[in-house]
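To start, the structure itself, in C-alpha cells.
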Ligand code: SF4
C-alpha cells in the first residue's frame, strides 16, 4: 500500500473535532493534567493508529486513555493497559521492546498496527453510541488502506467488537448475519468478494479491571496474539 495514504489519514484524524463532548473533555484533561504528569505537555487531540502501513495484524481497542494516549499522542502508550499489551506483543516477538512510555521511545511493531474505533479519550472510558458512530468513518478508511496486507485482527473487548463489525463490512469484508457475538477466544472468518478473507479474534480488553482481577492473564493474551499472528502469516515467538 501507499504509506503516505496512512500518514495522511493519521494527520487528518489528529485534527478532527466532530464530537463536541470529547473535544471538550480531551482538552480539559490536557489543561488540568494529573499531578504525576504536571511537567508534560499533553497531546490533547485525537490519537491515530500506531504501527507499519503494511501491517498483517490489526489490534483494535476501545479509545485512548485520558492520561495515556491523550497525554503521549500514541495509542496504548503511557498507561497500565498499554503496559500489558506491549509486554505481550514483545513476548511473542511482535514489538521491539516491552515498554511503551512516550511517542519517541523507539518502540517498533513488527507487522502489527494498533488502533481504536474511537480516537478521542472519553470521560469514564465510555464513548456514547453517537460518538462511536461519528468516529467509524476513520476506522473504515484505515481498514481500506490496510486491506492489501491485513489478514487478521484482534478486537479487545465487546465495545470494540460491536464498533468494528460494521466498519469491516463497510470496508469490504462480509460480516455474517446475525452478527457474531463477542467473547474471549471468539473467532470468525470474514470473507471478501474481491480480496482475501480476514480472521477476526475476540480478546478481553487489557483494562486494569480485567488484568488486575485475573479475568485476562498475560498467558491468555499471548495465546490470542499468537493465534491471530499465525493466521495473519506472521511468525510469533513461542
Ligand atoms: S472521537 Fe473520532 S469523530 Fe469524534 S472528535 Fe474524536 S476523532 Fe473525531
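Of the conditions (1) without any contact (Cβ under 8 Å) to a residue 24 or more places away in the chain; (2) on the phi > 0 side of the Ramachandran plot, residue 76 satisfies every one except a single condition; which number is it? So the condition that residue 76 fails would be (1). Summed over segment 84-98, the residues that are touching a helix residue (DSSP H, G or I) at 6+ places or on another chain (Cβ under 9 Å) and either modelled with pLDDT under 95 or assigned to a helix (DSSP H, G or I) (or both) give a count of 6.
Evaluating residue 18 against the criteria (1) part of a loop (DSSP other than H, G, I, E, B); (2) touching a residue at least 24 places away in the same chain (Cβ under 8 Å); (3) farther than 17 Å from residue 139 by Cβ; (4) near the ligand (Cβ under 9 Å from one of its atoms) leaves one unmet condition, (3).
Of all residues in segment 53-68, those satisfying the criterion of being more than 16 Å from the ligand (Cβ to nearest atom) and either modelled with pLDDT under 95 or assigned to a loop (DSSP other than H, G, I, E, B) (or both) are 53, 54, 55, 56, 67.
Across segment 132-160, the number of residues qualifying as within 17 Å of residue 23 (Cβ to Cβ) and crowded, with 21+ Cβ neighbours inside 10 Å comes to 3.
When you scan segment 32-52, do you find a residue that is within 14 Å of the chain's Cα centre (by Cα), in a loop (DSSP other than H, G, I, E, B), more than 16 Å from the ligand (Cβ to nearest atom) and over 20 Å from residue 125 (Cα atoms), even just one? Among the residues of segment 32-52, at least one is within 14 Å of the chain's Cα centre (by Cα), in a loop (DSSP other than H, G, I, E, B), more than 16 Å from the ligand (Cβ to nearest atom) and over 20 Å from residue 125 (Cα atoms), which makes the answer yes. Against the definition (part of a loop (DSSP other than H, G, I, E, B), under 21 Å from the mean Cα position of the chain (by Cα) and at pLDDT 95 or above), how does residue 12 come out, yes or no? When the stated conditions are applied, residue 12 does not pass them. Going by what's in this entry, would residue 21 be described as touching a strand residue (DSSP E or B) at 6+ places or on another chain (Cβ under 9 Å) and at pLDDT 95 or above? No.
The values are calculated or read from the model by the stated rules, or taken from the named source; none is laboratory data. The structure presented is a predicted model; accordingly, all values stated were derived computationally and were not measured. FYI the Cβ positions are ideal-geometry reconstructions off the backbone, even for glycines, and counts take in every protein chain you see.
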